[in-house]
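Note sheet for the following structure.
Laboratory data are not the source of any read-out in this text; all were calculated from the coordinates shown. Since this is a predicted model, take the numbers as computed values, not measurements. Cβ: placed from backbone, ideal geometry, glycine included. Neighbour counts: every protein chain shown.
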Amino acid sequence: MSVPRTLGELRRSSFSEERMRTRRVKDELRDNLIARLRDNGDSPIFPGIVGYDDTVVPQIVNAILSRHNFILLGLRGQAKSRILRALTTLLDPQMPYLAGCEIHDNPYSPICKRCRDEVARQGDGAPVAYLSPDDRYIEKLATPDVTIADLIGDIDPIKAARGGLELSSEMTVHYGLLPRANRGIFAINELPDLAGKIQVGLFNIMQEGDVQIKGYPVRLPLDLALVFSANPEDYTARGKIITPLKDRIGSEIRTHYPATVEEGIAITAQEAWSRRNGQAMHLPNYVQEVIERVAFAARDDKKIDKRSGVSQRLPISAMENVISNAERRAIRNGEKVVVPRISDVYAALPAITGKLELEYEGEMKGADHVGRELIRAAIAKTYDEYYTGANVQQIVQWFDLGGEIQMSDSVAAAEALENLKGIQGLIGKLEPLSVSQKDSPEQQVSAAEFILEGLHAHKRIGRSEERIFKAGDKKPEAVREKSFEPDEKPYRQRRQFN
Ligand SMILES: [Zn+2]
């Protein structure tokens with residue numbers, strides 16, 4: 001399909017002056033959103049954004065319908081950047097602008113001098129070019145060293161000298177990111193990290209479209225949809241955001257972590273790299289649940305910093321490592337199907353520990369220790385989902401009578417299954433996991449190991465560093481839990497004297 005190439009052709013096309021002259025980015029977002037709301041029925045407004053249908057999405061819809069600049073407030077890994085990027089799906093597939101313009105001027109009302117001169121000279125012959133939605137999205141991570149020159153622009157003395165121009169002429173401006181984003185979406189992540197002076201510059205753009213560059217007032221009535229993201233505590237901390245800027249941000253929208261384990265699993269399944277070149281894989285539900293509950297447990301754990309949060313990238317990276325560990329085992333043992341086990345979750349610690357910001361108490365214990373505790377808590381909870389009320393006495397007894405079994409994460413399934421069959425009552429207990437003796441050895445081993453790990457997480461049986469399952473020591477759980485405290489208190493008291 002050919003598109004108009006000159007201003008004259010553009011006038012006679014569907015991009016008519018009547019439709020385009022005063023249509024600003026926020027009108028465009030609004031129009032396309034309304035069309036989507038009408039046509040989409042029950043399908044999601046922003047495909048790929050999971051768990052926000054009843055909370056965040058309606059608020060974003062309202063902000064766009066209101067033609068607001070808005071900010072997403074949320075902790076790490078709550079899909080803030082993804083939502084902001086998804087706004088490009090509300091832009092027109094093609095947007096005409098005056099070809100060669102650095103700030104993508106509207107062909108019917110150019111704001112830069114170059115374009116006004118150009119249209120005066122060529123009239124309807126002025127050439128027109130187009131931008132795609134992706135070209136119209138500019139993202140900037142705010143850091144304290146961002147300058148006005150970066151964001152708005154600078155006087156370029158070389159440009160002035162070459163053109164024989166006054167320094168104060170608009171033609172000598174070297175445009176920054178904001179003017180270059182003109183007629184598009186400009187996203188600033190971590191807004192509170194922007195210096196106060198820059199916030200003032202931003203405010204002026206939002207308020208009047210006026211820009212001051214090194215003392216020279218340049219009027220640039222930019223057309224921008226400004227969207228921001230920030231950590232809620234940074235944003236609300238006094239003095240971090242200048243009040244007039246806060247005042248100009250139309251809507252403040254809070255994001256959140258997945259509300260349920262099921263939603264978390266859906267996000268992780270969507271984001272993690274799990275379909276790998278041709279290798280057959282069976283990913284058990286209980287493994288997915290354990291991985292997801294590690295993140296849930298971490299978000300609730302007082303040893304982990306609440307202000308920075310626990311990103312959804314934790315279960316996503318953990319899932320990738322879990323699959324890799326299972327993949328490695330399958331390759332080494334020449335197995336046809338990759339079936340992750342709970343031991344693979346422990347092997348995924350490197351994908352977990354780095355994503356936990358530890359409080360003092362956590363630091364004392366070490367990230368590995370905290371990570372293992374979280375995995376264990378996640379296993380215990382998941383085990384309860386399947387086995388609450390189940391009679392597993394026979395299995396526990398087998399260990400109490402001196403039975404021991406080593407379950408290394410590298411051992412082949414066929415061999416492991418033979419060993420596991422020696423534990424009376426174990427293989428007969430896989431039914432709640434939807435696994436039977438007709439399933440592959442890989443699946444049976446994974447399921448049986450889950451039961452052993454569950455019993456160990458509940459301290460019904462023991463397990464050594466070498467992954468040998470054996471009888472548990474007979475102390476009741478309550479007493480063992482308390483035994484953590486004595487070795488903590490001296491640390492804390494000593495700390496206060498420092
Ligand atoms: Zn221009």
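Amide H to amide H, which residues 5 or more places from Val173 or on other chains are under 5 Å from it, using H placed in the peptide plane?
It is Asp156, by chain and number.
Restricting to DSSP loop positions (anything but H, G, I, E, B) with no more than 13 other Cβ atoms inside 10 Å of their own Cβ, which chymotrypsin sites (Phe, Trp or Tyr not before Pro) remain in region 201-308? Mind showing how you got there, number by number?
Working: sites: Phe203, Phe228, Tyr235, Trp273, Tyr286, Phe296; in loops: Trp273.
Passing sites in region 201-308 are Trp273.
At 7 Å along Cα-to-Cβ for each site, give me the label-to-label distance between Asp473 and Asn419 in nm.
2.4
Using a Förster distance of 60 angstrom, determine the FRET efficiency expected from the C-beta separation of Asp384 and Ser16, and round it to 0.05.
Values: r = 65 Å, r/R0 = 1.08.
Calculated value: 0.40.
Considering all projection directions equally, how large on average is the shadow of the alpha-carbon convex hull of region 9-153, in square nanometres?
On the way: hull surface 43.2 nm².
Orientation-averaged projected area of the Cα hull: 10.8 nm².
Hey, what angle do you get for helix 313-333 against the long axis of the chain, alpha-carbon based, 0 to 90 degrees rounded to 10?
Helix 313-333 sits at roughly 50 degrees to that axis.
Within 10 Å of each candidate Cβ there may be at most 15 other Cβ atoms; applying that plus a DSSP loop requirement, which trypsin sites (Lys or Arg not before Pro) in region 1-69 survive? Intermediate values should be presented prior to the final figure.
On the way: sites: Arg5, Arg11, Arg12, Arg19, Arg21, Arg23, Arg24, Lys26, Arg30, Arg36, Arg38, Arg67; in loops: Arg5, Arg12, Arg21, Arg23, Arg24, Arg67.
Qualifying residues, ordered by number: Arg5, Arg12, Arg21, Arg24, Arg67.
Return the equivalent ellipsoid semi-axes of region 253-394 as a descending list in whole Å, where each equals the square root of 5 times an eigenvalue of the C-alpha gyration tensor. Intermediate results must be reported in sequence, preceding the final value.
On the way: eigenvalues 126, 68, 51 Å².
So the equivalent ellipsoid measures 25, 18, 16 Å along its semi-axes.
So between Glu139 and Arg5, what do we pick up on full extension, going 0.36 nm a residue minus the alpha carbon distance?
45.3 nm
For region 77-165, with only Lys/Arg (+1) and Asp/Glu (-1) charged at the beta-carbon, what is the dipole magnitude about the Cα centre, in debye rounded to 20?
Values: 11 positive and 13 negative charges, 17 e Å.
Approximately 80 debye in magnitude.
Arrange the following residues from fewest to most other Cβ atoms within 10 Å of their Cβ: Ile323, Ile148.
In increasing order of surrounding Cβ atoms, one gets Ile148, Ile323.
Add -39500 (n - 2.57) for each DSSP H run of 4 or more in the chain, then divide by its residues: what number comes out at 222 nm, to the nearest 500 deg cm²/dmol? Don't skip to the answer; put the middle values down first.
Numbers: 23 runs with 219 residues, N = 498.
Here the helix-only value at 222 nm equals -12500 deg cm²/dmol.
Taking amide H positions as placed in the peptide plane 1.01 Å from N, state which residues far from Thr255 in sequence (5 or more) or on other chains have amide H under 5 Å from it.
Leu73, Gly74
In terms of the ratio Rg/(2.2 N^0.38 Å) built on C-alpha atoms, what value belongs to the chain?
On the way: Rg = 30.0 Å, N = 498, 2.2 N^0.38 = 23.3 Å.
Relative to the rule-of-thumb radius for its length, the chain sits at 1.29.
Pairs Lys303/Lys365; Lys197/Lys355; Lys246/Lys306; Lys381/Lys421; Lys80/Lys246: which exceed 21 Å Cα-Cα? Let's see the in-between values first.
On the way: Lys303/Lys365 9 Å; Lys197/Lys355 33 Å; Lys246/Lys306 24 Å; Lys381/Lys421 25 Å; Lys80/Lys246 19 Å.
Violating the 21 Å Cα-Cα cut-off are Lys197/Lys355; Lys246/Lys306; Lys381/Lys421.
Gln207 label point, 7 Å along Cα→Cβ, cut-off 14 Å on backbone N: hits in region 233-274?
Only 242-249 pass the distance filter.
Please state, as a whole number in µm²/s, the translational diffusion coefficient that the Stokes-Einstein equation yields for region 389-450 at 4 °C and 1.567 mPa s, with Rh defined as the Kirkwood radius across alpha carbon pairs.
On the way: Rh = 12.0 Å.
Answer from the Stokes-Einstein relation: 108 µm²/s.
Straight-line reach from Lys240: which aspartates and glutamates have Cα under 19 Å away, leaving out those fewer than 8 places along the same chain?
By straight Cα distance, Lys240 reaches Asp145, Glu190, Asp193, Glu252.
Label Asp247 and Thr147 with points 7 Å out from Cα along Cα→Cβ: what is the distance between them in nm?
Here the modelled spin labels are 3.0 nm apart.
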